[in-house]
Amino acid sequence: MGRTRIGLLLGVAALLLTGMTGSAGRRPPPSGTTLSSVIPAPAEVVPAPSAPFELTASTVITATGAARPVADRLAAALRPATGFPLPVRAAGSGGIDLRLNATADPWIGDEGYRLEVGDAGVALRANRPAGLFAGVQTVRQLLPPAIEAMSVRRERWTIPAGVIRDRPRYAYRGAMLDLARHFHPPADVKRFIDEISRFKINYLHLHLADDQGWRIEIDGWPRLTTVGGGPGTGVRGIGGGFLTQDDYRDLVRYAADRFVTIVPEIDMPGHVNAAQVAYPELTCDGVAPRPRIDIRVGYSSLCTGKEVTYRFAEDVIRQLAALTPGPYLHIGGDEAMSTAHPDYVAFEQRVLPLVARYGKTAYGWHEIAAAPAATGAVIQYWAVTRDRPEVAAAAAAGAKVVLSPADRAYLDMQYDLLTPGGLHWAGTIEVRTAYDWDPGSWARGVPASAVLGVEAPLWSETLRDYGEVEFQAFPRLAAIAELAWSPWSTHDWISFRDRLGAYGERWTRRGVHFYRSPQIRWS
Ligand code: NGO
């Protein structure tokens, strides 16, 4: 019997089965989803004893003005599994109502929301569209996991009754993807954006250049991408590819539609071998180094004494700034082991202000704290030790800090020594290790008020395929997202473990390749 014939028979059998259980009185029972199932944990949750709201074929979503695109996206997300039309209208009652500026609740700020669910309707309120979008992510998680199905499912589409009032702990909730070691094409970056925005992550840092490859087109420096990003670049020579500026603009727009801001990074003055292969004048002796496809670090350096270095840096910074609507531009600065310390400081003293000249706040790995100009920058703390006096000093002088301790937040570390993919130089990171730390008090001497947020970097030395990216990121990214969004008062491993266990079914339904950690009881 042919494949299609079997498929047909299975389809008919499925139809008969759903038909048998499909009468209104014998619908499946409500899922175990409660108002407290949400990741990241909301700030305030007050369940109500009343009946849940039930989404039906006649439910209408209402929104006007800037709330409208958010409502359209919600409707589009709920249609495939429910099969309901879910029209979005300007007015109506008894459905899901999204409204801006209706709460007069300054507590929720720009990214928070208030969600009230009763059997008669759902009211989602926010001061800004970003808050509505965050609330929509909560609503999606309050529906049964089958809502993630890509085809119609029979289910009672209930949302538990009660009130959630929510806002983020930190303004910066980030994930990073390394496109340099292995290039990941725009379609994969978009899938990643879809997944991270579910957890209210609002920044995606793209590591766009490193020793093994250069991944963003820069006008006036064509060989950066034709040579530095071409076939044969990347780790093992199999990670070639680059983004044109149009690709990049498209990604920026796609992310912005999901309230994610892209932070571009060009790493300098180290991690520049690919640029030097393309433009040998960026080395001190003018001789092109050999292309590198291994994963060693710390051997390359821009020539800090040459003016061409600063013309290059300024061209790159100017163009990236023009492509970036967000406030931050990352200039790397890590592991410049081949740059003499005074040269490193002199380089940063010239380059950090260049970022400001083009209207952006400079962002760099914590080594930049050695430069006095870093007090106006955002410093990304990636150490495995909790003591970095130079970061504490810069923070005391005004710098902001994003926490990405490699032994907690690096998504490229292996879960344990047996899991495939990833590195383990900073140790192994199981889900609980990723979850159980407080970004607000992690780096000694860095006051809580200097912490801008948390970011989970995913370096791609071992990650060729998008499935491998997902496996490293999930479920740990959910843990980091909770650290970044939820108030510390909600922090509770047992609660997180149980919510994550229930969440797994949603990833499964969406086809996300995640690590089924033995620490979690997956539903
Ligand atoms: C380090 C290094 C990167 C590696 C990564 C791998 C930083 C900031 N620099 O983190 O080049 O890819 O580890 O985990």
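The values are calculated or read from the model by the stated rules, or taken from the named source; none is laboratory data. Being a predicted model, the structure only gives us computed values, none of them experimental. Positions of Cβ are backbone-derived with ideal geometry, glycine not excepted, and every protein chain shown enters the neighbour counts. When the accessible area is computed, the model is the full protein with side chains, heavy atoms only, and any ligands, DNA or RNA have been set aside. Shrake-Rupley method; radii C 1.70, N 1.55, O 1.52, S 1.80 Å.
Observations
- Positions within the range 79-106 being under 26 Å from the mean Cα position of the chain (by Cα) and over 24 Å from N127 (Cβ atoms), in sequence order: R79, P80, A81
- When the criteria are applied in full, L423 fails the requirement of being over 21 Å from R173 (Cβ atoms), buried (at least 21 other Cβ atoms within 10 Å of the Cβ) and assigned by TED's automatic domain parsing to the domain that holds V189.
- Of all the listed residues (A67, A76, A81, A102), the sole one being assigned to a helix (DSSP H, G or I) and without any contact (Cβ under 8 Å) to a residue 60 or more places away in the chain is A76.
- Positions within the range 282-336 being in a helix (DSSP H, G or I), within 27 Å of D247 (Cβ to Cβ) and open to solvent by 60 Å² or more (accessible area, probe 1.4 Å), in sequence order: R311, R318, A322
- Yes/no for I262 being away from the ligand (no atom under 16 Å from the Cβ), closer than 25 Å to W459 by Cβ, open to solvent by less than 40 Å² (accessible area, probe 1.4 Å) and in contact (Cβ under 8 Å) with a residue 12 or more places away in the chain: yes
- Flag for A396 being surrounded by fewer than 18 Cβ atoms within 10 Å (Cβ to Cβ) and away from the ligand (no atom under 16 Å from the Cβ): yes
- Unmet criterion (only one of (1) within 16 Å of the ligand (Cβ to nearest atom); (2) closer than 26 Å to L352 by Cβ; (3) open to solvent by 10 Å² or more (accessible area, probe 1.4 Å)) for N273: (3)
- Residues in the range 171-191 that are crowded, with 20+ Cβ neighbours inside 10 Å and not charged (D, E, K, R): Y172, G174, A175, M176, L177, L179, A180, H182, F183, H184, V189.
- Some residue of the range 416-426 being closer than 30 Å to I293 by Cβ, touching a residue at least 24 places away in the same chain (Cβ under 8 Å) and in a strand (DSSP E or B): yes
- Subset of the range 443-456 (residues that are away from the ligand (no atom under 16 Å from the Cβ), open to solvent by less than 30 Å² (accessible area, probe 1.4 Å) and of a type outside the set (A, V, I, L, M)): G453
- Looking only at residues of the range 488-523 that are in a loop (DSSP other than H, G, I, E, B) and charged (D, E, K, R), we find that the one that is least open to solvent (accessible area, probe 1.4 Å) is D492.
- Matching option when the condition is open to solvent by less than 50 Å² (accessible area, probe 1.4 Å) and either closer than 17 Å to S517 by Cα or within 16 Å of the ligand (Cβ to nearest atom) (or both), among W437, W459, W485: W459
- Number of the condition not met by S197 [criteria: (1) at pLDDT 95 or above; (2) polar (S, T, N, Q); (3) in the same structural domain as P47 (by TED's automatic domain parsing)]: (3)
- Filter result for the condition that a residue is without any contact (Cβ under 8 Å) to a residue 24 or more places away in the chain and open to solvent by 10 Å² or more (accessible area, probe 1.4 Å), over D257, D246: D246
- In the set V345, V378, only one residue is among the β-branched types (V, I, T), in the same structural domain as I480 (by TED's automatic domain parsing) and touching a residue at least 60 places away in the same chain (Cβ under 8 Å); that residue is V378.
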